[in-house]
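Asker: Okay, here's the structure, questions in a sec.
The values are calculated or read from the model by the stated rules, or taken from the named source; none is laboratory data. Just so we're clear, the structure is a prediction, and the values are computed from it rather than from any experiment. In this analysis, Cβ positions are derived from the backbone assuming ideal geometry, glycine residues included, and neighbour counts consider all displayed protein chains. These accessible areas exclude ligands, DNA and RNA; they are computed on the full protein's heavy atoms, side chains included. Shrake-Rupley method; radii C 1.70, N 1.55, O 1.52, S 1.80 Å.
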Amino acid sequence: TPAHVPLRGVAYAALPCLDQDCSGRGLPSKDLVQVGYEPQWGPSGRDDLAVMAQLGANAVRAYQPIGLGVAPEHGQFLDRALELGLSVLPGFHTDMAVYGTGCPDFDCFEAWKNATLEAFRNGLAQRGAWHPAIDTVVLMNEPDYFEISPKCGSRGAWCRVRAVLSALDGVLAAEREAGIAPGRVRLAVTWSFALRNSIDGQVQGPGIFGFQDMVAGMADPSIANYSTRTTQEDFQRAFQTRWMHGINSPASWKYLKDLVMAQYDRYSPTPWFLGEYGAFDMDTEAIKADLVDMQAFATEGGSVFQGAVMKQFQTAYENVGVVRNLGLFSLGDQVVAATAEVCDKQTPCQAWPVHCLTPDHPWMDEAKAGRADAVAVAWGGSLANFTGLCGGPAA
């Protein structure tokens, strides 16, 4: 049984940067779950997780706590989330499939198995099970981009499907080797909104091509030239009992709902969720209405829709252009805390200032700038007097 339906999640990729190159220092580690970031997400500092809970969220999506080779403890983030009633959707460092030598010819079994075992040692497992805060493990984020990589060449859908099947196989193998009970933890991939064809040619359309990829690949892994190390029976059982289809979308909810549900009979009763609700260039009133309707739709009797993750907690200053408009909060000049040294296998260790949060986005059209307020109203939360608010006590 899932921890929360409807899922009211917030995407958390809040790098402590005020500009594209982080004041000339290069990007900090993208593994925000590591304990060095506690002054950003925890009660000693800005307490972002508590801000999410106050908004009315019941979940947080953390993109890359698995696979970046970070040794420090990750359990404190999960403990804090659990304390606040937030489920966690941790993800893998998807780029492992394309860069380096971890996934030879898109066979990611060993890379995903080893990363999962490492994650278990670093706090994602507890007393022979996944940490109780964990709801869904996102194996890959938008792996359809693999087909534009030189490594894939002209093989198209074959690359992404082989990578996902082998990654799932690796996670199941890690659970067996470490003696970790699956419990209620679900497994998912979030596909992009690009218009693609499924590997078997049966489905064309944004996101839903990946739903069909999984159905076809699970029924016959050889369609992607893959042979499972897990028995086919156990592989199928994991898909039937733990899988949740996922899609990232910048579009309005009405458009997405109509698009997906028009074809979802072939996938029911497997549940699905919106891994990123981008609400790109939408007025806040429309966002509010979308979020309310999502909750209603997810709670209808027999609904296969589980809910959505709002993109995203903080303005992504490391990006350029209109993607900067997706944050619920922007950063102010005031420094309220400082991280410890944070790093990973790709990023040198550095400490970073933690700036205050503001729901204001002065560079945006007024009708589109109040995203945090729209979320709070739709989810029955509040923006009043939250920790880390600009104008509050300094560090």
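Asker: Being among the aliphatic types (A, V, I, L, M) and open to solvent by 20 Å² or more (accessible area, probe 1.4 Å) is the filter here; which residues of the stretch 293-303 pass it?
Answerer: Ala296
Asker: Scan the stretch 261-272 and tell me whether some residue there is touching a Leu at 6+ places or on another chain (Cβ under 9 Å) and open to solvent by less than 50 Å² (accessible area, probe 1.4 Å).
Answerer: Among the residues of the stretch 261-272, not one is touching a Leu at 6+ places or on another chain (Cβ under 9 Å) and open to solvent by less than 50 Å² (accessible area, probe 1.4 Å), which makes the answer no.
Asker: Here is a follow-up. Taking the residues in the stretch 362-388 that are among the small types (Gly, Ala, Ser) and part of a loop (DSSP other than H, G, I, E, B) as candidates, determine which candidate is nearest to Val292 (Cα to Cα).
Answerer: The selected residue is Gly380.
Asker: Mind counting the residues in the stretch 20-41 that are on the phi < 0 side of the Ramachandran plot and open to solvent by 50 Å² or more (accessible area, probe 1.4 Å)?
Answerer: The qualifying residues number 5.
Let's see how each residue does on (1) open to solvent by less than 50 Å² (accessible area, probe 1.4 Å); (2) at positive phi; (3) modelled with pLDDT under 95:
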{"position": "Val138", "(1), (2), (3)": "yes, no, no"}
{"position": "Ala167", "(1), (2), (3)": "yes, no, no"}
{"position": "Val171", "(1), (2), (3)": "yes, no, no"}
{"position": "Trp191", "(1), (2), (3)": "yes, no, no"}
{"position": "Gln202", "(1), (2), (3)": "no, no, no"}
{"position": "Gly207", "(1), (2), (3)": "yes, yes, yes"}
{"position": "Ile223", "(1), (2), (3)": "no, no, no"}
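Asker: Further, regarding this structure: Quick check on Ala81: is it under 15 Å from Asp344 (Cβ atoms), open to solvent by less than 10 Å² (accessible area, probe 1.4 Å) and modelled with pLDDT of 95 or more?
Answerer: no
Asker: From the set of residues in the stretch 97-127 that are free of Cβ contacts under 8 Å to residues at least 60 places away in the same chain and of a type in the set (Lys, Arg), which is least open to solvent (accessible area, probe 1.4 Å)?
Answerer: Arg121
Asker: Another one. Could you run through the stretch 276-292 and say how many residues are open to solvent by 30 Å² or more (accessible area, probe 1.4 Å), under 20 Å from Gly381 (Cα atoms) and charged (D, E, K, R)?
Answerer: Here the count works out to 3.
Asker: Look through the stretch 279-303, keep the residues that are part of a helix (DSSP H, G or I) and closer than 18 Å to Asp360 by Cβ, and return whichever of them is farthest from the chain's Cα centre (by Cα).
Answerer: It comes out as Glu285.
Asker: Search the stretch 304-330 for residues being open to solvent by less than 30 Å² (accessible area, probe 1.4 Å) and part of a loop (DSSP other than H, G, I, E, B), and hand back the single one that is nearest to Leu383 (Cα to Cα).
Answerer: Leu328
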